[in-house]
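> My structure is below; once you've seen it, I'll send some questions.
The values are calculated or read from the model by the stated rules, or taken from the named source; none is laboratory data. Computed from a predicted model, the values in this text were never measured in an experiment. FYI the Cβ positions are ideal-geometry reconstructions off the backbone, even for glycines, and counts take in every protein chain you see. The area values use the complete protein model at the heavy-atom level, side chains included, leaving out ligands, DNA and RNA. Shrake-Rupley method; radii C 1.70, N 1.55, O 1.52, S 1.80 Å.
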Amino acid sequence: MENNSLIILAESLQLIFDNLNSFGYQTIAPTISENTIVYDQITKISDLPIGYIDEQTGGHYRLKKHSKPTFFSYTVGANSWKKYLHPPKVRLWQIKRKAKAMEFVSEETQPPKLAFIGVRGCELAAISIQDRVFLKDKFVDPIYSTRRKDIFIVAINCARAVKTCFCTSMQTGPKVEEGFDLSLTEILDDKKHIFLVKVATEKGREILKNIPYKVATKEDENIAENIIKTTAQSIEKKLDTENIKELLYQNYENPSWDEVANRCLSCANCTMVCPTCFCTTVQDTTDLTGEIAERWRSWDSCFTSDFSYIHGGSVRVSTKSRYRQWLVHKLGAWLDQFGTSGCVGCGRCITWCPVGIDITEQVKTLRENNG
Amino acid sequence: MQLLDPMLPDQFLVKRKVNENKDTFTLTLEPLEKKSFLYQPGQFNMLYMFGLGEVAISISGNSEKPLPLIHTIRAVGTTTKAMQKLKKGDVIGLRGPFGSSWPIIQAKGKDVIIVVGGIGLAPLRPVIYYILAHRQDYGRVSLLYGARTPEDQIYLNEFAGWQEKLDFFTIVDRASKKWNGDVGVVTRLIPKAKFNPSNTLAMICGPEVMMRFVSLALQDKGLIPEQIFVSMERNMKCAIGFCGHCQLGGTFICKDGPVFTYKEMKRYLELREV
Ligand SMILES: Cc1cc2nc3c(=O)[nH]c(=O)nc-3n(C[C@H](O)[C@H](O)[C@H](O)COP(=O)(O)OP(=O)(O)OC[C@H]3O[C@@H](n4cnc5c(N)ncnc54)[C@H](O)[C@@H]3O)c2cc1C
Ligand code: SF4
Ligand code: SF4
Ligand code: FES
């Protein structure tokens with residue numbers, strides 16, 4: 001029987017990068033840019049944020065040096081994998097004006113084969129939610145579909161959480177359960193720096209070819225499980241999801257919306273950093289000759305006034321109505337539309353809100369004023 | 001495998017353009033390549049003007065003779081004003097049909113009351129055509145049409161035919177002395193409509209406040225919210241459930257609507273800024 005639970009040396013992660021590269025994958029992983037964790041193409045493990053941890057609270061993010069040379073001890077930054085699967089801006093098509101007709105040209109890009117390395121539980125959940133939106137509904141989005149098809153995923157079990165994390169409430173982490181090819185748990189102590197690797201797919205097994213390993217023992221497994229359990233126990237932030245859809249649907253006129261509206265700047269940061277927010281707008285343009293027109297699609301946010309514009313004005317004029325729209329959709333209406341919450345508990349919207357508005361606090365306030 | 005791109009329009013040739021009034025016009029569109037086109041009354045298309053934009057417009061022709069396609073458009077902004085300048089022989093882009101439809105089959109054997117305001121008559125004209133073609137399948141059919149002024153009324157040359165086979169009443173918000181018809185809001189016509197409340201379906205299209213008040217008035221006449229259908233409108237950028245712009249409650253209007261029962265929409269018609 002083949003073994004699905006292996007131990008490799010930490011530095012062997014480089015071999016995983018190399019194998020992925022030689023199989024034609026671009027390797028995308030966490031790295032540091034402008035003092036934050038971002039996802040970008042790297043080929044050397046030395047470009048990982050080795051020995052860094054992050055500090056996150058409402059409206060606050062700081063990266064700092066750690067006492068140990070761990071590879072994955074930080075959590076999520078403002079970036080998410082969404083930017084690769086559902087790009088911020090894409091051309092949908094071009095048309096050429098002909099004498100008595102137009103010639104539409106569909107966009108047939110061959111996106112590069114990507115390998116995502118260091119995908120966390122909440123992020124796997126976010127990808128699966130966007131799969132639901134773009135691949136499993138009445139229509140299929142060809143852009144998402146072509147990009148998603150060949151993705152290779154190396155997931156990571158979080159060995160550390162920050163104050164904004166609440167994956168445990170949303171049941172998305174810290175343990176990675178499904179949706180990956182390989183998963184890693186990083187183990188560093190006085191004697192060793194290793195990864196416990198779980199092989200979930202044949203593709204995953206192929207990538208491990210020629211990498212020295214030993215079969216994980218029961219003890220190794222226990223150590224890894226304990227790391228994940230300790231992380232889970234360290235998470236303090238909670239979002240009570242019980243009957244949350246009903247709570248939101250029944251509280252459109254709750255006075256607590258007024259209070260949050262007084263603080264919210266309607267800046268749209270929360271929707272831009274959220275790994276599940278999928279809204280877009282389109283731009284139609286022509287070139288200087290007026291002979292070629294294009295249609296582009298780019299991320300949009302329900303916090304802008306254009307978003308709800310219909311002839312005569314915006315439907316949602318007030319900040320209150322826009323914040324309410326976001327929250328009721330994210331935590332309530334998604335359940336009706338997609339059978340899943342729109343929130344995975346990653347905490348990005350809390351950290352990157354310039355005024356530190358906290359989605360979990362808003363739900364708490366609504367519950368307190370329920371009625 | 002190349003996926004069918006749901007965002008890619010087909011080309012349609014403008015066969016005819018008729019002005020209905022000073023800001024509303026009707027386009028007759030023939031496909032350049034597409035061979036067939038099927039739609040249900042109440043569905044809409046996304047019409048694209050070269051380089052300018054794409055807008056949701058209901059289909060307002062006869063669904064049993066789907067081609068050429070008929071669209072009645074009010075020029076209100078960038079794209080629709082550019083469409084007003086279209087001439088016979090011009091080519092535009094079109095994707096569709098999208099959305100849910102009016103309950104024309106469910107309404108068979110029943111009385112029907114259609115209440116429309118302004119351009120709201122356009123999405124219901126396919127229902128009128130269908131009922132006229134199958135008149136014996138329906139009971140009493142009332143059509144109540146409210147416009148801002150007599151000059152704003154559309155489809156004037158069809159009024160005589162409707163008068164003949166339906167209980168057709170019109171009203172305007174304001175009018176000059178020359179007008180000897182009713183003046184006021186469209187709800188004032190409801191007492192004129194005759195129907196058996198326990199065996200009636202109502203179909204309403206117009207501004208949200210209008211749909212709300214008409215629904216309330218019909219409930220006073222004994223209809224229940226499941227018997228009343230409304231057509232909702234929100235900003236739409238994709239019509240296929242991806243752009244999020246038309247999200248309302250637990251629905252996307254583009255694919256779950258635009259036609260809903262009043263029971264489903266009651267809550268949202270009562271709230272502001274949703
Ligand atoms: C399901 C549905 C059916 C419709 N049927 C008809 C019809 O049969 N006849 C008709 O005249 N009009 C209809 N409309 C309204 C029509 O779509 C708008 O009048 C049109 O989008 C205005 O575009 P514009 O570029 O001219 O205006 P602008 O004011 O310049 O609009 C800018 C953009 O805002 C958006 N927008 C503005 N108003 C609306 C609106 N009312 N609804 C949706 N998006 C809007 C569009 O994306 C538009 O491109 C319908 C709308 C919907 C949602
Ligand atoms: S709503 Fe906030 S916490 Fe939830 S998934 Fe989006 S960014 Fe993360
Ligand atoms: S909640 Fe915060 S991040 Fe979101 S729009 Fe308001 S101010 Fe911006
Ligand atoms: S119009 Fe894009 S989701 Fe409905």
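> With respect to A:Asp240, determine if the residue is within 11 Å of chain B (Cβ to nearest Cβ) and surrounded by fewer than 16 Cβ atoms within 10 Å (Cβ to Cβ).
When the stated conditions are applied, A:Asp240 does not pass them.
> Related question: Please enumerate the residues belonging to the stretch A:70-91 that are in contact with an Asp or Glu (Cβ under 9 Å, 6 or more places away or on another chain), in a loop (DSSP other than H, G, I, E, B) and either without any contact (Cβ under 8 Å) to a residue 24 or more places away in the chain or open to solvent by 20 Å² or more (accessible area, probe 1.4 Å) (or both).
Within the stretch A:70-91, A:Asn79 is the sole residue that qualifies.
> Whether any residue in the stretch A:309-328 is assigned to a loop (DSSP other than H, G, I, E, B), within 22 Å of A:Val133 (Cα to Cα) and either within 16 Å of ligand 2 (Cβ to nearest atom) or basic (Lys, Arg) (or both) is what I want to check.
no
> If I ask for residues that are under 14 Å from A:Ile95 (Cβ atoms) and open to solvent by less than 10 Å² (accessible area, probe 1.4 Å), which ones from the stretch B:10-50 would you list?
Scanning the stretch B:10-50 gives B:Phe12, B:Tyr48.
> For the structure I just gave you, tell me whether A:Asn226 is within 29 Å of A:Thr36 (Cβ to Cβ) and either at pLDDT 95 or above or within 14 Å of another protein chain (Cβ to nearest Cβ) (or both).
In short, no.
> Counting just the residues of the stretch B:151-179 that are closer than 13 Å to B:Gly118 by Cβ and in a helix (DSSP H, G or I), which one comes out least open to solvent (accessible area, probe 1.4 Å)?
B:Asp152
> I'm told A:Asp150 meets every condition in (1) modelled with pLDDT of 95 or more; (2) surrounded by fewer than 18 Cβ atoms within 10 Å (Cβ to Cβ) except one. Can you identify the failing condition by its number?
A:Asp150 satisfies all of (1) modelled with pLDDT of 95 or more; (2) surrounded by fewer than 18 Cβ atoms within 10 Å (Cβ to Cβ) except (1).
> Within the stretch B:38-58, which residues are near ligand 1 (Cβ under 7 Å from one of its atoms) and within 12 Å of chain A (Cβ to nearest Cβ)?
B:Gly53, B:Glu54, B:Val55, B:Ala56
> Could I ask something else about it? Determine which member of the set A:Ala261, A:Ala333, A:Ala293 is more than 16 Å from ligand 1 (Cβ to nearest atom) and facing chain B (nearest Cβ under 8 Å).
A:Ala333
> Test of understanding: among B:Ile224, B:Ile190, which residue is farther than 19 Å from B:Ala56 by Cβ, more than 14 Å from every other protein chain (Cβ to nearest Cβ) and touching a residue at least 40 places away in the same chain (Cβ under 8 Å)?
B:Ile190
> Determine which single condition A:Ser308 fails, assuming it passes every other condition in (1) touching a residue at least 24 places away in the same chain (Cβ under 8 Å); (2) open to solvent by less than 10 Å² (accessible area, probe 1.4 Å).
Of (1) touching a residue at least 24 places away in the same chain (Cβ under 8 Å); (2) open to solvent by less than 10 Å² (accessible area, probe 1.4 Å), only one is false for A:Ser308: (1).
> So, in the stretch A:99-148, exactly how many residues are more than 10 Å from every other protein chain (Cβ to nearest Cβ) and either within 22 Å of A:Leu20 (Cα to Cα) or assigned to a strand (DSSP E or B) (or both)?
Here the count works out to 18.
> Kindly indicate which of A:Thr57, A:Thr27, A:Thr36 is of a type in the set (Ser, Thr, Tyr), open to solvent by less than 60 Å² (accessible area, probe 1.4 Å) and within 30 Å of A:Lys209 (Cα to Cα).
A:Thr27
> Still on this structure: Looking at A:Asp358, A:Asp300, which one is more than 13 Å from ligand 2 (Cβ to nearest atom), at pLDDT 95 or above and open to solvent by 10 Å² or more (accessible area, probe 1.4 Å)?
Unique residue meeting the criteria: A:Asp300.
> Oh, and also: Output the number of residues of the stretch B:223-250 satisfying the condition of being away from ligand 3 (no atom under 16 Å from the Cβ) and within 16 Å of A:Arg316 (Cβ to Cβ).
12
> Which of the numbered conditions does A:Val315 fail, given that it passes all the others? Conditions: (1) at the interface with chain B (Cβ under 10 Å from one of its Cβ atoms); (2) touching a Phe, Trp or Tyr at 6+ places or on another chain (Cβ under 7 Å); (3) closer than 26 Å to B:Pro207 by Cα.
Going through (1) at the interface with chain B (Cβ under 10 Å from one of its Cβ atoms); (2) touching a Phe, Trp or Tyr at 6+ places or on another chain (Cβ under 7 Å); (3) closer than 26 Å to B:Pro207 by Cα one by one, A:Val315 breaks only (2).
> Going residue by residue through the stretch A:262-270, is there one that turns out to be under 23 Å from B:Glu54 (Cα atoms), assigned to a loop (DSSP other than H, G, I, E, B) and within 16 Å of ligand 2 (Cβ to nearest atom)?
For the stretch A:262-270, residues under 23 Å from B:Glu54 (Cα atoms), assigned to a loop (DSSP other than H, G, I, E, B) and within 16 Å of ligand 2 (Cβ to nearest atom): absent.
> Given the criteria more than 9 Å from chain B (Cβ to nearest Cβ), within 24 Å of A:Val76 (Cα to Cα), touching a residue at least 24 places away in the same chain (Cβ under 8 Å) and part of a strand (DSSP E or B), does A:Ser298 qualify?
It is true that A:Ser298 is more than 9 Å from chain B (Cβ to nearest Cβ), within 24 Å of A:Val76 (Cα to Cα), touching a residue at least 24 places away in the same chain (Cβ under 8 Å) and part of a strand (DSSP E or B).
> Taking the conditions exactly as written (outside any helix (DSSP H, G or I), away from every other protein chain (no Cβ under 14 Å) and basic (Lys, Arg)), does B:Lys108 satisfy them or not?
Yes, satisfied.
> In the stretch B:77-93, what count of residues is obtained for those that are surrounded by fewer than 16 Cβ atoms within 10 Å (Cβ to Cβ) and not in a helix (DSSP H, G or I)?
The number of residues fulfilling the criteria is 5.
> Filter the stretch A:1-33 down to the residues that are farther than 20 Å from A:Ile187 by Cα, among the charged types (D, E, K, R) and either at pLDDT 95 or above or not in a loop (DSSP other than H, G, I, E, B) (or both) and list them by number.
A:Asp18, the sole residue that qualifies.
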